[in-house]
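J.: After the structure tokens below, expect a handful of questions from me.
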Amino acid sequence: MGITMNGPSGLDTASIIDQLVNLETSTRVTPIQRQKATFQIKIDAYSKMQSYINDIGSKASAISDEAAFNVYKTTTTNKDVATLTGTTGSVAGAYDVKVFGLATYEKLISLDGKITDQNAALSTLGISTGAITIDGTSLTVTNTDTLQDLRSKINSATDATGKKLNVTATVLKVADNNYRLVLTAKNTGNAGVVYKGDTFASLGVIADSITGDKGSKSQIVTSAADISSAFNALVTGDVITYGGTDSFGNAVTGRYVIPATKDINELRKNIENAFHGSMTTSIDVSGKLLLTANNQGDSAASMTSFSMGATPYAFSTTQAGSPGAGILTTGKDAYFGIDGISMRSTTNSATGFVAGVTLSMVKVSATESIHLEIARDGDAVVAKVQSLLDSFNALVRFGKEQTAYGDPKLKTRKKGDLAGDMTITSAIGQFRTLFQKQFGAFGGNFQNLANIGLKTDYSTAEISIDKDKLKASLDTNFDEVVRMFVTRGVTDNTSVAMGRSTKDTTSGKYSLEEISSNTQIRAQLIGGDGTWFTSDVRDNDIVSFSSGPLKGLSLTAPANSIPALTPTTFTFQKGLSATFKELADGLTTTQTGLIATRQASFQRSMDDADKRIADQQNRIAEYKLRLTNQFSAMEQAIQKMKSQSVNMTNQIKSN
């Protein structure tokens with residue numbers, strides 16, 4: 001039976017019940033809810049802590065290999081002509097570069113008027129079908145294939161490795177009844193693409209279906225007289241001078257002084273270098289000097305003057321081969337000079353000519369020498385190290401904020417969400433200990449990070465870096481700096497090399513010995529207690545350790561690679577980056593990590609709080625029901641008493 005507001009008693013019983021229930025809730029439920037909210041705040045704080053630690057691990061990974069330190073800065077006096085890019089293996093240096101000719105793409109085209117309908121079968125247009133090859137990859141042209149089908153087959157074909165072919169095919173509409181196939185090489189260079197097959201020959205793309213001859217021409221510059229005999233008649237000190245133009249039309253001048261030991265091949269080298277490597281010289285059977293252009297196609301090569309002593313010699317220019325009808329443009333190699341030495345590349349991005357450097361050529365500059373410099377970029381390395389320190393310092397500041405006890409008298413000093421919790425302080429301490437690690441396994445001048453400029457600001461507990469000192473250290477002892485950050489394992493035996501290591505592998509210098517059966521290796525820490533640790537059984541050439549200080553290490557060490565009675569010394573040092581990443585991973589590992597463990601503990605407390613809240617809410621619901629029944633009974637009793645009073649009054653009046 002419900003309670004009506006202001007019943008017979010005149011009391012607001014519903015309000016009284018609500019107030020009593022609210023009082024019970026605030027006493028029994030609200031404190032538990034506050035506890036639960038506190039647990040959630042701590043879980044959230046640990047999530048933020050995990051983000052900071054993950055960032056430390058990420059920044060540590062970014063400088064965990066030598067490539068991270070092999071960063072270079074380059075300068076050029078004219079970036080519109082050429083630039084340098086440093087890569088792994090680069091060394092500081094300066095170079096004077098001239099660009100004589102750029103590499104170009106080969107482009108072939110079918111004969112004009114051969115294809116009148118791009119959608120008609122090639123066989124009906126007089127074009128041979130069957131097997132064709134492109135750079136050795138075979139395709140089949142069927143009797144029903146159209147020019148568009150051929151284009152599609154070429155563009156979708158792959159070689160034996162699954163790569164697309166080095167050519168792009170397009171169809172060019174010249175007129176409504178005239179279509180031409182255009183084949184463009186994807187890579188630059190004189191070699192171009194090799195096409196074979198009757199279909200290509202019928203289309204006029206190549207001159208010979210079997211050899212793949214495209215009808216390319218080449219330029220030959222030939223002396224009119226016997227140069228060899230005249231050269232042999234010269235004596236020490238005689239001078240040969242010459243001039244002309246190279247394949248690209250650049251002016252050429254040269255001078256050769258006869259040395260004590262004559263060799264016409266040295267003269268040939270002198271001429272080839274003067275012609276910027278664009279020509280190859282030879283002596284024919286009659287003793288004439290020939291200069292043959294290395295690039296196919298049109299050439300501006302010439303020898304306009306040539307004197308041996310006081311005697312001039314004439315040269316003529318001829319063309320070998322005939323221009324191919326299907327050649328739109330001939331692929332050409334790039335020719336350039338570095339410090340006066342002529343070089344040649346199939347691409348305009350030349351690598352391998354200077355160790356660890358890529359030369360990118362943009363424009364011909366035969367008369368202007370472009371000065372290029374490459375130097376190790378100390379600022380970039382410092383920035384990477386600083387990034388790791390920034391992540392650590394951010395964790396330090398977060399830890400201070402979260403563990404602060406606060407001051408109730410000062411609004412600016414609030415209590416941290418993890419006040420009294422030493423977990424974050426412990427984590428920061430573990431990272432800080434790693435900064436104090438010694439790196440002496442390899443010896444050298446730098447044994448710790450303080451040696452290269454890292455230091456602690458004791459007023460803030462943060463770590464800073466003397467950038468100038470670190471850059472100076474990189475300049476003077478680059479390798480020593482790198483090995484403090486990068487994990488290394490080095491042996492004095494060229495047949496034995498480190499494969500991998502784990503967090504369980506301990507830094508140190510070890511003596512390795514082959515066990516007599518040649519199936520295992522044993523290791524002893526030099527300077528240790530003399531204990532030997534035996535590897536697992538050799539798996540082909542791989543030897544791994546499952547216990548001892550080298551646990552987790554694998555070596556490439558073929559059987560009998562360690563001579564009897566001659567132990568191999570293996571030096572292993574774990575870099576700072578690896579130790580930071582291992583610690584970060586250990587702290588943040590799902591389920592077993594310290595953060596996950598603490599969060600799980602708080603979550604259990606939250607779950608327990610939910611149970612207690614549910615229990616209290618059930619009790620309060622029962623309490624409210626009792627109050628409701630009690631007040632209802634009271635109102636009914638009052639109502640009954642009032643009814644009885646009215647009846648008595650009425651009876652008295654009636655008597």
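The values are calculated or read from the model by the stated rules, or taken from the named source; none is laboratory data. Remember, it's a predicted structure, so these values are computed and weren't measured experimentally. Cβ placement follows ideal geometry from the backbone for every residue including glycine, while neighbour counts extend to all protein chains displayed. When the accessible area is computed, the model is the full protein with side chains, heavy atoms only, and any ligands, DNA or RNA have been set aside. Shrake-Rupley method; radii C 1.70, N 1.55, O 1.52, S 1.80 Å.
J.: Determine the dipole magnitude for the chain: charges of +1 sit on the beta-carbon of Lys and Arg, -1 on that of Asp and Glu, nothing else is charged, the reference point is the Cα centre, and the result goes in debye to the nearest 20. Could you put the intermediate results ahead of the total?
T.: On the way: 64 positive and 62 negative charges, 589 e Å.
Charge dipole of the chain: 2840 debye, to the nearest 20.
J.: Of the accessible area of region 517-655, with the probe set at 1.4 angstrom, what percent is carbon plus sulfur? Mind dumping the intermediate values first?
T.: Details: 4200 of 8060 Å².
Solvent-exposed carbon and sulfur of region 517-655 make up 52 percent of the total.
J.: Taking the simple approach of a point 7 Å from Cα along Cα-to-Cβ for both Ser152 and Gln430, what is their distance in nm?
T.: Reported label-point gap for Ser152 and Gln430 is 6.1 nm.
J.: Can you figure out the FRET efficiency of Thr329 with Ala260, using R₀ = 60 Å and their beta-carbon distance, to the nearest 0.05?
T.: Values: r = 48 Å, r/R0 = 0.79.
After rounding to 0.05, the efficiency reads 0.80.
J.: What length, rounded to one decimal in nm, is gained on full extension from Asp421 through to Thr142, with 0.36 nm per residue of separation minus their alpha-carbon distance?
T.: Values: separation 279, 0.36 × 279 = 100.44 nm, distance 7.87 nm.
Between Asp421 and Thr142, full extension yields 92.6 nm more.
J.: Which of rounded, prolate or oblate describes region 461-610 when judged by the alpha-carbon gyration tensor and an a/c cut-off of 1.5? Let's see the in-between values first.
T.: Details: a/c = 3.16, a/b = 1.42, b/c = 2.23.
Cα axes put region 461-610 in the oblate bin.
J.: Find which of Gly212, Thr460, Ser535 sits farthest along the positive direction of the dipole of the chain, computed with +1 on the beta-carbon of Lys and Arg, -1 on that of Asp and Glu, about the Cα centre.
T.: Farthest towards the positive end: Thr460.
J.: Which peptide among 343-350, 598-605 comes first, and what is the full order, when sorted by highest mean count of other Cβ atoms within 10 Å?
T.: Numbers: 343-350: 18.2, 598-605: 15.4.
Order by mean packing, descending: 343-350, 598-605.
J.: Can you list the DSSP H helices in the chain whose Cα atoms extend at least 27 Å along the helix axis and whose mean Kyte-Doolittle hydropathy is 0.0 or higher? Kindly include the intermediate steps, with their values, before the conclusion.
T.: Working: long enough: 30-61 (46 Å, -0.66); 378-403 (37 Å, 0.11); 594-654 (90 Å, -0.87).
Both cut-offs are met by 378-403.
J.: Using a simple spin-label model with points 7 Å from Cα along the Cα→Cβ vector, what separation in nm is obtained for Ser517 and Glu401?
T.: 6.0
J.: Okay, moving on. With a 1.4 Å probe and every protein chain left in place, work out the accessible area per residue of region 481-588 in Å², rounded to a whole number. Show your work: numbers first, answer last.
T.: Details: 4760 Å² over 108 residues.
With all protein chains present, region 481-588 gives 44 Å² per residue.
J.: Cβ under 13 Å from Ala225's Cβ, Ala225 left aside: what net charge do those residues give with Lys, Arg +1 and Asp, Glu -1? Walk me through the numbers before you get to the answer.
T.: Values: positive: Lys288; negative: Asp226, Asp284.
Result for the local shell: -1.
J.: Still on this structure, please answer the following. Pop out the carbon and sulfur fraction of the accessible area of region 103-178 as a percent, whole number, probe 1.4 Å.
T.: Numbers: 1830 of 3860 Å².
Ligands and nucleic acids excluded, carbon and sulfur reach 48 percent.
J.: Another one. Can you give the extra length, in nm with one decimal, that the chain gains between Val194 and Met634 once fully stretched, where that is 0.36 nm per residue apart less the Cα-Cα distance?
T.: Full extension from Val194 to Met634 adds 147.6 nm.
J.: Here's another thing I want to ask about it. What is the extension gain from Ala450 to Ala559, computed as 0.36 nm multiplied by their sequence separation minus the C-alpha to C-alpha distance, in nm to one decimal?
T.: Numbers: separation 109, 0.36 × 109 = 39.24 nm, distance 4.26 nm.
Extra length from Ala450 to Ala559 when fully extended: 35.0 nm.
J.: Using the beta-carbon distance between Gln438 and Glu368 and R0 = 56 Å, what value does 1/(1 + (r/R0)^6) give for FRET efficiency, to the nearest 0.05? Each step should come with its number before you reach the end.
T.: Values: r = 53 Å, r/R0 = 0.95.
Calculated transfer efficiency: 0.55.
J.: Label Thr87 and Thr30 with points 7 Å out from Cα along Cα→Cβ: what is the distance between them in nm?
T.: Calculated label separation equals 7.0 nm.
J.: Put +1 on the Cβ of each Lys and Arg and -1 on the Cβ of each Asp and Glu in the chain; which of Gln603, Phe398, Ala251 then has its Cα farthest toward the positive end of the dipole?
T.: Comparing the listed Cα positions along the dipole, Gln603 ranks first.
J.: Quick one: putting +1 on the C-beta of Lys and Arg, -1 on the C-beta of Asp and Glu, what dipole do you get for region 206-277 around its Cα centre, in Debye to the nearest 20?
T.: Numbers: 6 positive and 8 negative charges, 23 e Å.
Computed about the Cα centre, the dipole is about 100 debye.
J.: For Lys581, which aspartates and glutamates qualify as cross-link partners when the Cα separation must be under 13 Å and same-chain residues fewer than eight apart are set aside?
T.: Within the straight-line cut-off, Lys581 pairs with Asp55, Asp65.
J.: So, in Å, what gap is there between the alpha-carbon centers of region 146-171 and region 566-621?
T.: 55
J.: Tell me, what is the per residue accessible area of region 251-313 in Å², probe radius 1.4 Å?
T.: Numbers: 2930 Å² over 63 residues.
Counting only protein heavy atoms, the per-residue value for region 251-313 is 47 Å².
J.: Where q = 0.09 Å⁻¹, what log10 of I(q)/I(0) comes from the Debye formula for the chain, counting one point per Cα?
T.: Computed log10 I(q)/I(0) values: -1.05.
J.: Hey, another quick one. Share of region 348-480's accessible area from carbon and sulfur, percent, 1.4 Å? Please report the intermediate quantities before stating the final value.
T.: Details: 3470 of 6820 Å².
Roughly 51 percent, rounded to a whole number.
J.: For Lys437, give me every one of the aspartates and glutamates with a C-alpha distance below 17 angstrom, ignoring sequence neighbours fewer than eight places off in its own chain.
T.: By straight Cα distance, Lys437 reaches Glu462, Glu480, Asp504, Glu582.
J.: Using a cut-off of 29 Å between alpha-carbon atoms, which lysines can reach Lys640, once sequence neighbours fewer than 8 places away in the same chain are excluded?
T.: Lys624, Lys653
J.: Please identify which residues in region 234-275 have an amide N closer than 14 Å to a label point set 7 Å out from the Cα of Thr311, following the Cα→Cβ vector.
T.: Counting only backbone N, you get 234-235, 238-241.
J.: Which Cα, out of Gly130, Leu102, Ala185, lies furthest along the positive dipole direction of region 95-188 (beta carbon charges, K/R +1, D/E -1)?
T.: Positive-most Cα among the choices belongs to Leu102.
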